[in-house]
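For reference, the structure is listed below as structure tokens.
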Amino acid sequence: MESAPLTEMIGRFPTTFSQQSFLFRELAKPGDPELNIAVRWEICGKFSGPQLEKAVQRIIQRHEILRTRFIVDNGEGWQEVVESVPFRLGMVDLRAVASEEHESRVAAMARELANRPFDLSQPCLLRMTLVQLAADRAAILISAHHIVFDGFSIGVLGHELGQIMQALAERRDPDLPELDLQYGDYALWEQEFEASGALEEDGSFWESRLKDAPYFELEPDFLRPAGLETTGKTIVKAFPTDFDERMVAFNKSSGISLFTFGAAALSAALHQWSGKTDILFATPVAGRTDVEIERLIGVFINTLVVRIDAQPDASLREHVGHVADLVTEALLHQSYPFDRLVRRLKPRRDASRRPLVSINLNMQRAFLQERRYGDFELVSVPSHMPGIFYDLNVQIVGRNSGWKLMLDYNT
């Protein structure tokens, strides 16, 4: 991967722990759609394509990470920020197409966009298409490379997009504070943090916690292929309409977080399905432990390995309390990079399996805060998965319309 001409470069920074993982996976398998993040929104009300395009252009100028390209120099990954980049919004008009065909057409476009590869040597690793469905309704399809974008960034992008579009319509400045930091500043801070030796305590914790851990997996229905595959299917189930109210009440009475509830439920289910008591699964953490970086678009995510000793004779309250203690302890040591943990533990190599874990849990409320911005509303819609990373990916997502369980399984 070679650098493009540097005439517009305004800054060069080391890559972060999260970025290093995505960069070298990209180098190993260029154009892998598994490294793309796909997002789908619906916009309803009074809006225009040019207004949306101009808002995205302002966001790109506001966040340096969206004007960043990546190179490898002497085996080291670097990110280079350029002064400006062109951005054009894709626009498709389906208003002349029968409404019953809209969903299949939009889904096909979402899949194509999600699977289209990025060239990391070219800045602006973000694409967006507006699909007009009616005069006052459209789908917004987004694809971004994971090296510049994570789940939390979805909420940041949606909020700023809404604020800027509303301000453009009302011919005023948007209500957005200036950014005191950029992603490159975080990369430099992380480099200093590593040099201080502060990560070693976290590394020792995880080594002690996982050094004798088994490889937990569910019994497959078919023979496992010789190498990793990312093709799969998804099962979607809606929870009852009163699920949120009942869950919030239970969590409050138990003094637990939303994620702890999900981890307790999944570990109990995995114990029930497998008969095993030593349960392990992965979960992503936002990694945004400082308020100042909560306003940034970028990749801060890390993967934690949750190990739970499921006791068959424990009551529900006892199991939940046990999981709460383990989750709290894990979060105290969340800064240790997953890839570094793999190198430290040196698990047995197996080309057909992910290292350390085969199952992933993601339980959260949707990143996009669904709300009105003046004359229009942004709504989160389930999006296409470019690839199945784990044997089983358990997603439990809450939106204004209710909670849904999505089981992505590798076929």
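Things to note:
- Computed from backbone phi, the HN-Hα couplings of the range 79-87 come to 10, 10, 9, 10, 5, 7, 9, x, 9 Hz, rounded to whole numbers (Karplus: 6.51 cos²θ - 1.76 cosθ + 1.60, θ = phi - 60°; Gly and Pro given as x).
- Amide proton proximity set for GLY11, modelled H, under 5 Å, gap of 5+: VAL81
- Square roots of five times the Cα gyration tensor eigenvalues for the range 289-411, Å: 29, 20, 19
- Phi angles across the range 24-32 convert, under the Karplus curve 6.51 cos²θ - 1.76 cosθ + 1.60 with θ = phi - 60°, into 3J(HN,Hα) values of 6, 5, 5, 5, 6, 9, x, x, 5 Hz, Gly and Pro given as x.
- Fraction of alpha-carbon pairs over 19 Å apart in the range 20-156 - percent: 54 percent
- Phi-derived couplings, Karplus 6.51 cos²θ - 1.76 cosθ + 1.60 at θ = phi - 60°, listed residue by residue for the range 238-246: 8, 7, x, 4, 8, 4, 4, 4, 5 Hz, with x used for Gly and Pro.
- Backbone N under 12 Å from the LYS46 label point (7 Å along Cα→Cβ), restricted to the range 171-191: 171
- Relative contact order (%) - the chain, alpha-carbon pairs under 8 angstrom, separation at least six: 23 percent
- Spatially, the range 375-391 and the range 292-324 are offset by 23 Å when compared through their Cα centroids.
- Placing unit charges on each Cβ (+1 for Lys and Arg, -1 for Asp and Glu) gives the chain a dipole about its Cα centre, and among ALA138, THR283, GLY227 the Cα reaching farthest toward its positive end belongs to ALA138.
- Here the chain is assigned +1 on the Cβ of each Lys and Arg and -1 on the Cβ of each Asp and Glu. Its dipole about the Cα centre then comes out at about 880 debye.
- Positive dipole terminus of the range 9-184, leading residue within LEU23, GLN51, ALA96 (C-beta point charges): ALA96
- Net lengthening on full extension, LYS29/MET9 (0.36 nm per residue, minus Cα-Cα): 4.5 nm
- Inter-label distance, nm, simple model (7 Å from Cα along the C-beta direction), SER254/SER196: 3.5 nm
- Rounded to two decimals, the Cα radius of gyration of the range 90-130 over 2.2 N^0.38 Å is 1.44.
- Per-residue ellipticity at 222 nm computed for the chain from its helices equals -11000 deg cm²/dmol, with DSSP H segments shorter than 4 residues left out and the rest contributing -39,500 (n - 2.57).
- Partner lysines for LYS46 [C-alpha distance under 18 Å; skip if fewer than 8 residues away on the same chain]: LYS54
- Dipole moment magnitude, nearest 20 debye, the range 9-184 about Cα centre, only Lys, Arg, Asp, Glu C-beta charged: 340 debye
- Our note on the geometry: Cα centres of the range 32-55 and the range 87-146, 7 Å apart.
- Computed from label points 7 Å out along Cα-Cβ, the spacing between SER204 and ASP173 is 5.0 nm.
- Computed label-point distance, nm, for sites GLU318 and LEU345 using a 7 Å Cα→Cβ extension: 2.7 nm
Each value in this text was obtained by applying a stated rule to the coordinates, not by laboratory testing. The model shown is predicted, which means the values in this text are computed figures rather than measured ones. All Cβ positions, glycine included, derive from the backbone under ideal geometry; neighbour counts span all protein chains shown.
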